[in-house]
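Okay, so here's the structure we're looking at.
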Amino acid sequence: MLGQTVQFGSFPSHPCRSIGGLVRKLAPAEMLDQVIFSGLDSGKTISNIVLMGIGEPLDNFDAVLRFLELVNHPDGMNTGMRHISLSTCGLIEKVDKLAAYHLQLTLSVSLHAPDDETRNALMPVNRSCGVEKLLRCCGRYFEETGRRVSFEYAMIAGVNDTPRHAELLAKELQGTGSHVNLILLNNVEESPLKPSTAASMREFIGILKEKKINVTVRRRLGGDIDASCGQLRRKAIAGKAVD
């Protein structure tokens, strides 16, 4: 059977932030249920798992660690750690704590800006640490685990997609072996932030490649049904709740 990816989360980390807010945190069994029933409902083998969406996995550290143990166990789903990605907004103490377990999963850090001024505006969590400390933490994670860090970067028109931002990002990541995953921002009805233009994307990518930074562009899926990153939430329309 064909494989596919399932993703989930429980706390806001998207640059637009969660409009619905935190309701509660998922238990390990609930996370495992999502993987199991996604496979049953689709009729496909779940071969890759991403902990993200409207969630901050490291804010639910113990439950996530237990889930990883269960889903990776040979007597369970036996999903290899290298087929699992964990996306975080960059909680430094929790990233250091995770590194100590030497898990071979892929750590994806939602960076979205190479400077404190821009990242503070997009992601208030940055005010507690700053970009420089976060990048040093990612360096420690690489040294401890041997796994390179992937940086998620949502391209937002006129906010973080200028040549200046690209040059600064390249300077910060030069020689680290890191990977940058550019994501065209998804439209969220209530947000003033809009996706970058095709021309801005091309120029940004060109600068990173010129500086020898590993860069890819994430394929967009689910936007037509409001199921892409930043869009997945419950809406109240004319008094009627809609998932």
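Remarks
- Amide H contacts under 5 Å for D161, placed H, 5+ residues apart: I156
- The stretch between M81 and L40 holds 12.6 nm of extra length on full extension. This uses 0.36 nm per residue minus the Cα-Cα distance.
- The phi-based Karplus calculation (6.51 cos²θ - 1.76 cosθ + 1.60; θ = phi - 60°) puts the 3J(HN,Hα) values of the stretch 111-117 at 8, 6, 6, x, 9, 5, 4 Hz, whole numbers, x for Gly and Pro.
- In Hz, Karplus ³J(HN,Hα) per residue of the stretch 202-214 (6.51, -1.76, 1.60; θ = phi - 60°; x = Gly, Pro): 4, 5, 4, 4, x, 5, 5, 5, 4, 8, 6, 8, 5
Values in this text are rule-based calculations from the coordinates and carry no lab data. Just so you know, these numbers come straight off a predicted model, no measurement behind them.
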